[in-house]
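A.B. asks: To start, I am sharing the structure in question, which I have written as structure tokens.
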């Protein structure tokens, strides 16, 4: 008899535990590639969501390059590793076509965002993702104290830029005028994009994205051959160095300039010592928002949509306060930004905001671009071969 | 009859697992390599397309230097890595056999083998880094310009091959060490009594008696190099400009960057055929030896 009672109790316990809301607390998983200081800056956003909704959120780090491998196989198995996933817009767009992405139409009001911000994750009238804050890639960062100590000033022409590099190169203890960040390759692509936007113009950037102009076109080739290659040949750019290490070395005085996105303001010890300038004659600056989506295989579709909507709206205000981010949500007040970021935002005045070229094209071309730039950086004499490969891959 | 049934009973689960997890995926991959993305039969068109891509074979490399294409890079890797692994493993095993503290030294050497290849790749990246790497700093002592060896097309592949030697030589050392234990002491004693020098003993006794082990080391090393992926992916991603690209990495690029499973299947099938062509005769020869 006692055994029967025990069995009944056990069955009842299992049944109760199986009830929704009792078996396991609802917990959403957010995935992005941010780690270290970038992750630390993002966590308050998730905490704000938890506080507002009472829904727990778990955070996992996956680089976009790894997600590109992992997600297609998971989608085929009708599963997903997270409920809200930050990923390249082209990837979201591609997999939305195959039904692996939940529709976000109606959860976000396009009018509340800067024009075009949601376009990369739109297909017809349907919205398949949300947009988070963006990072501006404004140009070359320097330490104000370093410039002051060595009597350096921001250049107004390309010739002055060359001269500035020459002066920095001659300073004792300097390894190279400009630190070249490396990772999988994106820091070099950011530099190349800035040169294209500055000396070929925003229209050419758009034409390259749309594959309406060849990489071997004289206009594009001239940017590489007449602007970038002379700097590389003069040794003003360092060899590609892992970008976080490059940042430390630059901050420590091994290099004078460092090309990086606006998130750097949240990664250095003293943001007030930061100065930045765009290439002289710059006509366009990359403004690259981060995109996220809800996979169709989430266990909690409504809660996940709610989280993505929060990230795209109120979450942005929390994020910009930590520094290094520019909101795409227009309702974020200017007062929310730290002072240094208001300066970055000022650089956008009078220039065209451009999408990130390699992130927008994506696919096989993207790693080819990174890889060819790594080759160009150490063998600038092979510029023709680099452009030929980029064009072949673009076809 | 009962014994046969019993054998079948125990054999069947393994057979089913092999069929599901090995035979079917292999057959499906081969079939995929003959299909277009639309599922039509393409005969050898995929093979012609893939093998004629500069990412696989780039004959311009013979004029201007790296890259030569993933296939040539794999061949270079095998040509350099295979004999060095065999020789270094054998020499280390022989030298450390009777040395005081040999076990400890072997354990230290073996650390390379137990290091996960991905971690090994990251270590290589820093080992060869121009700013913080040990090797460029060491070479600088001899007047060699300090630079990141994995960042330059003329040194990237060789740097990775050197790194792979560190990671793989312990494997051959351990096999040779085990092989040496199987050679009876009296064979050496007889040779010493006959007045053979240590060098003659090494070449006329040790090396021939270790032939089966050499066969295993050669085959396993060949297969390992043929499918090498992780350290390249982590250390250089095949760059710069494809200068350290290898077949397995190219297969990954086809599959997960181009989302072209057919091209990836061509490379996979090609690798499988080469692996079979090399390993089957070697194992047959070893069986004959036994």
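A.B. asks: Only one residue in B:202, B:270 is part of a helix (DSSP H, G or I) and under 30 Å from residue B:97 (Cα atoms), so which one is that?
C.D. replies: Step by step, each of B:202, B:270 is checked, and only B:202 is part of a helix (DSSP H, G or I) and under 30 Å from residue B:97 (Cα atoms).
A.B. asks: Is at least one residue of the stretch B:63-75 part of a loop (DSSP other than H, G, I, E, B), in contact (Cβ under 8 Å) with a residue 40 or more places away in the chain, within 14 Å of another protein chain (Cβ to nearest Cβ) and surrounded by fewer than 21 Cβ atoms within 10 Å (Cβ to Cβ)?
C.D. replies: Yes: one or more hits.
A.B. asks: Can you name the number of the only condition in (1) away from chain A (no Cβ under 14 Å); (2) touching a helix residue (DSSP H, G or I) at 6+ places or on another chain (Cβ under 7 Å) that residue B:133 fails?
C.D. replies: Condition not satisfied by residue B:133: (1).
A.B. asks: If we keep just the residues of the stretch B:86-130 that are surrounded by 19 or more Cβ atoms within 10 Å (Cβ to Cβ) and within 14 Å of chain A (Cβ to nearest Cβ), which is farthest from residue B:181 (Cα to Cα)?
C.D. replies: Restricting to residues being surrounded by 19 or more Cβ atoms within 10 Å (Cβ to Cβ) and within 14 Å of chain A (Cβ to nearest Cβ), the top hit is B:130.
A.B. asks: Please go through the stretch A:57-77 and give me each residue that is closer than 20 Å to residue A:301 by Cα and away from chain B (no Cβ under 14 Å), ordered by number.
C.D. replies: A:57, A:58, A:59, A:60, A:77
A.B. asks: Looking only at the stretch A:240-261, decide whether some residue is surrounded by fewer than 17 Cβ atoms within 10 Å (Cβ to Cβ), touching a helix residue (DSSP H, G or I) at 6+ places or on another chain (Cβ under 8 Å), under 30 Å from residue A:322 (Cα atoms) and within 14 Å of chain B (Cβ to nearest Cβ).
C.D. replies: The answer is yes; a qualifying residue exists.
A.B. asks: Of all the residues that make up the stretch B:229-252, how many are outside any loop (DSSP other than H, G, I, E, B) and facing chain A (nearest Cβ under 7 Å)?
C.D. replies: Matching residues across the stretch B:229-252 total 0.
A.B. asks: Let me ask another. Please go through the stretch A:58-81 and pick out each residue that is assigned to a loop (DSSP other than H, G, I, E, B) and touching a helix residue (DSSP H, G or I) at 6+ places or on another chain (Cβ under 9 Å).
C.D. replies: Across the stretch A:58-81, the qualifying residues are A:62, A:80, A:81.
A.B. asks: Out of A:85, A:55, which single residue is surrounded by 14 or more Cβ atoms within 10 Å (Cβ to Cβ) and closer than 25 Å to residue A:134 by Cβ?
C.D. replies: Selected residue: A:85, the only one of A:85, A:55 that is surrounded by 14 or more Cβ atoms within 10 Å (Cβ to Cβ) and closer than 25 Å to residue A:134 by Cβ.
A.B. asks: Taking the options B:217, B:266, B:213, B:278, name whichever one is modelled with pLDDT under 90, touching a helix residue (DSSP H, G or I) at 6+ places or on another chain (Cβ under 6 Å) and away from every other protein chain (no Cβ under 14 Å).
C.D. replies: B:278
A.B. asks: Ok, one more. Between A:358, A:341, A:371, A:290, which is within 30 Å of residue B:240 (Cβ to Cβ), away from every other protein chain (no Cβ under 14 Å) and in contact (Cβ under 8 Å) with a residue 24 or more places away in the chain?
C.D. replies: A:290
A.B. asks: Could you check the stretch B:234-256 and list, in sequence order, the residues that are farther than 15 Å from residue B:51 by Cα and out of contact with any helix residue (DSSP H, G or I) (no Cβ under 6 Å at 6 or more places or on another chain)?
C.D. replies: B:237, B:242, B:252
The values are calculated or read from the model by the stated rules, or taken from the named source; none is laboratory data. Treat the numbers as computed from the prediction; the structure is a model and nothing was measured. Don't worry about glycine lacking a Cβ; one is built from the backbone with ideal geometry, like all the others, and counts go over all protein chains shown.
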